[in-house]
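**Student:** Please find one structure pasted underneath; my questions will follow.
The values are calculated or read from the model by the stated rules, or taken from the named source; none is laboratory data. Note that the coordinates shown come from a computational prediction; the quantities given were computed from them, not determined experimentally. Neighbour counts are summed over all protein chains in view; Cβ atoms, including those assigned to glycine, are modelled from backbone coordinates with ideal geometry. To get the accessible areas, we keep the full protein, side chains included, count just its heavy atoms, and leave off ligands, DNA and RNA. Shrake-Rupley method; radii C 1.70, N 1.55, O 1.52, S 1.80 Å.
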Amino acid sequence: MQAVRHVVCAMSGGVDSAVSALLLRNRGYQVTGVFMNNWDMVDEYGACSGEKDCEDAYKVCRTLDIPFHQVSYVKEYWLEVFSYFLNEYEKGRTPNPDVLCNKHIKFNHFLNYAINNLGADAIATGHYARTSHEDEEIFQHQYLKRPQSLFRNRFDIRNNVKLLQAADHFKDQTFFLSQISQHALRKTLFPLGGLTKDFVKKIAAEAGFHHVLKRKESMGICFIGERNFEKFILEVSFCRLLLKLVCCVGFITLCQLLFFFYKYLEPHPGNFVSIEDGKILGTHKGWFLFTLGQRARIGGLRDAWFVVDKDVATGDVFVAPCTDHPALFRDLLRTDRMHWISEEPPAELVHRKMMECHFRFQHQMALVPCVLTLNQDGTVWATLVKPIRALTPGQYAVFYKGEECLGSGKIVRLGPSLHTLQMGQERMKSAETAKDPLT
């Protein structure tokens with residue numbers, strides 16, 4: 001008779017993690033639910049949403065008659081995710097902290113806690129994703145945390161686990177999992193990978209999880225949620241921040257984070273500048289409040305203008321007069337050092353230095369065909385088959401080959417926009433005309 005496997009399931013208080021725990025229990029596993037407290041700053045009305053989430057998660061575990069634990073990663077989250085978030089905005093980029101939360105918190109600290117403290121054989125989450133291994137193969141892998149080296153030992157022969165898109169492509173969350181490690185993926189189950197969201201809700205209703213069905217689905221940045229981003233950055237309570245940091249970080253780190261917050265608590269006015277003629281159209285409270293492609297609400301102007309670029313040195317935010325302006329479209333980007341799910345670049349890319357695949361930089365955007373070029377430093381250039389709107393530095397470029405999510409890299413450089421290319425062509429024509437006025 002096969003031994004009962006122990007799976008620790010991350011419980012968020014939502015319907016997806018509740019059904020994940022239910023399915024695992026129904027498969028005969030020994031299931032333990034764990035609620036992670038990663039961000040517990042109270043909202044503008046003095047209510048801590050984390051307490052309600054934890055209560056909902058506990059109710060699910062009580063209904064399923066499985067053990068429930070609560071663990072805090074507030075300190076780790078602030079140091080490894082939120083400080084990075086602020087640092088990226090300082091550099092003029094638009095980061096995606098949800099990707100880093102999975103990499104550092106859920107599939108690192110939580111994974112180690114589940115295995116080392118709770119004796120888990122594997123962990124499970126409510127993400128909509130699949131892997132190339134069957135459940136039983138996951139339990140056959142020995143958990144050995146990979147050493148912090150750039151390359152894998154060439155004599156270490158293993159059958160890598162592939163990260164695959166979910167059956168429900170609309171809900172697929174491999175984008176947010178594109179930075180997790182191979183050693184974490186080898187010990188992870190995704191019970192919802194083959195299901196649709198509607199079917200998951202049906203399972204929850206039949207199981208009596210009515211309290212989680214009533215919850216609104218979480219949207220937006222994990223620690224901001226549906227609150228106004230500008231209000232969050234400019235009006236976050238300094239006293240509340242100081243109290244939290246004193247409790248969870250050391251003095252040196254406290255000073256570093258307070259330095260970041262001091263810069264963002266105070267407005268940094270700058271100008272809105274037309275990309276077409278350089279005319280100043282208005283002022284703003286801080287260039288870090290804007291991301292490429294968003295509408296810039298400029299006082300006194302009835303027509304819509306959209307952000308196409310930012311100058312961190314001067315504080316200028318460049319805008320264009322329509323949502324499909326050529327200044328918003330580019331077809332070339334460069335990443336930082338790529339994170340490959342398999343730990344190494346695909347063999348085709350290594351051998352040929354180029355490879356056709358698909359790309360996205362937003363969760364639910366359609367996949368775009370592209371050609372990757374591998375650089376010696378591990379970064380890649382991605383040339384898209386067609387220009388796309390609002391490519392954004394700081395976001396993750398996630399690459400796919402068929403159903404497989406290959407990994408991702410942070411966008412650190414963009415090619416010229418269509419507007420820049422058009423301006424260059426016009427200048428060349430003008431120069432040629434000046435040389436030969438008879439043409």
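**Student:** How many residues does region 387-431 contain that are under 14 Å from the mean Cα position of the chain (by Cα) and farther than 28 Å from Asn160 by Cα?
**Tutor:** Residues in region 387-431 being under 14 Å from the mean Cα position of the chain (by Cα) and farther than 28 Å from Asn160 by Cα: 3 in total.
**Student:** Would you please name the residue that is surrounded by the fewest Cβ atoms within 10 Å (Cβ to Cβ), looking only at residues in region 156-181 that are modelled with pLDDT under 95 and more than 24 Å from Thr196 (Cα to Cα)?
**Tutor:** Per the stated criteria, the residue is Ile157.
**Student:** Could you list, in sequence order, the residues of region 311-349 that are assigned to a helix (DSSP H, G or I) and free of Cβ contacts under 8 Å to residues at least 24 places away in the same chain?
**Tutor:** Ala347, Glu348
**Student:** Here's something else I'd like to know. Which ones in region 295-319 are surrounded by 22 or more Cβ atoms within 10 Å (Cβ to Cβ) and over 15 Å from Thr392 (Cβ atoms)?
**Tutor:** Answer for region 295-319, where residues must be surrounded by 22 or more Cβ atoms within 10 Å (Cβ to Cβ) and over 15 Å from Thr392 (Cβ atoms): Trp305, Val319.
**Student:** Okay, next question. Kindly indicate whether any position in region 212-230 is at pLDDT 50 or above, within 17 Å of Gly14 (Cα to Cα) and not in a loop (DSSP other than H, G, I, E, B).
**Tutor:** The answer is yes, given that some residue of region 212-230 is at pLDDT 50 or above, within 17 Å of Gly14 (Cα to Cα) and not in a loop (DSSP other than H, G, I, E, B).
**Student:** Among the residues of region 404-439, which ones are open to solvent by less than 80 Å² (accessible area, probe 1.4 Å), modelled with pLDDT of 85 or more and over 17 Å from Leu328 (Cα atoms)?
**Tutor:** The answer is Glu404, Cys405, Leu406, Gly407, Ser408, Gly409, Lys410.
**Student:** Then there is this: Consider only pairs whose beta carbons are under 7 Å apart and that are at least six residues apart or on different chains; among these, list those whose first residue lies in region 350-373 and is in contact (Cβ under 8 Å) with a residue 60 or more places away in the chain and closer than 16 Å to Ile411 by Cβ and whose second residue is among the acidic types (Asp, Glu) and open to solvent by less than 40 Å² (accessible area, probe 1.4 Å).
**Tutor:** Listed by first residue and then by second, the contacts come to nothing, as the list is empty.
**Student:** Looking at (1) in contact (Cβ under 8 Å) with a residue 60 or more places away in the chain; (2) touching a strand residue (DSSP E or B) at 6+ places or on another chain (Cβ under 9 Å); (3) open to solvent by 60 Å² or more (accessible area, probe 1.4 Å); (4) closer than 24 Å to Leu100 by Cα, which is the only condition Leu292 fails?
**Tutor:** With respect to (1) in contact (Cβ under 8 Å) with a residue 60 or more places away in the chain; (2) touching a strand residue (DSSP E or B) at 6+ places or on another chain (Cβ under 9 Å); (3) open to solvent by 60 Å² or more (accessible area, probe 1.4 Å); (4) closer than 24 Å to Leu100 by Cα, Leu292 is out only on (3).
**Student:** Sticking with this structure for a sec: Do the conditions hold for Thr373, that is, is it over 21 Å from the mean Cα position of the chain (by Cα), surrounded by 13 or more Cβ atoms within 10 Å (Cβ to Cβ) and either under 26 Å from Gly92 (Cβ atoms) or at pLDDT below 95 (or both)?
**Tutor:** The answer is yes for Thr373.
**Student:** Something else now. Just checking, how many residues over region 344-370 are open to solvent by less than 30 Å² (accessible area, probe 1.4 Å), closer than 26 Å to Asn102 by Cα and touching a helix residue (DSSP H, G or I) at 6+ places or on another chain (Cβ under 7 Å)?
**Tutor:** Number of matching residues: 1.
**Student:** When Lys145 is evaluated against the numbered criteria (1) over 28 Å from Phe82 (Cα atoms); (2) at pLDDT below 95; (3) surrounded by fewer than 21 Cβ atoms within 10 Å (Cβ to Cβ), which criterion, by number, is the only one it fails?
**Tutor:** The number of the failed condition is (1).
**Student:** Only one residue in Thr392, Thr420, Thr383, Thr433 is at negative phi, outside any strand (DSSP E or B), touching a Leu at 6+ places or on another chain (Cβ under 9 Å) and polar (S, T, N, Q), so which one is that?
**Tutor:** After applying the criteria, what remains is Thr392.
**Student:** Need pairs with beta-carbon distance below 7 Å; first residue among the acidic types (Asp, Glu) and within region 117-133, second not in a loop (DSSP other than H, G, I, E, B); sequence gap 6+ or separate chains.
**Tutor:** Asp121/His6; Asp121/Val7; Asp121/Phe139
**Student:** Taking interchain pairs and intrachain pairs at least six residues apart, which have beta carbon atoms under 6 angstrom, with the first residue in region 274-286 and open to solvent by less than 40 Å² (accessible area, probe 1.4 Å) and the second assigned to a loop (DSSP other than H, G, I, E, B)?
**Tutor:** Listed by first residue and then by second, the contacts come to Leu281/Ile298; Gly282/Ile298; Gly282/Gly299; Gly286/Pro267; Gly286/His268.
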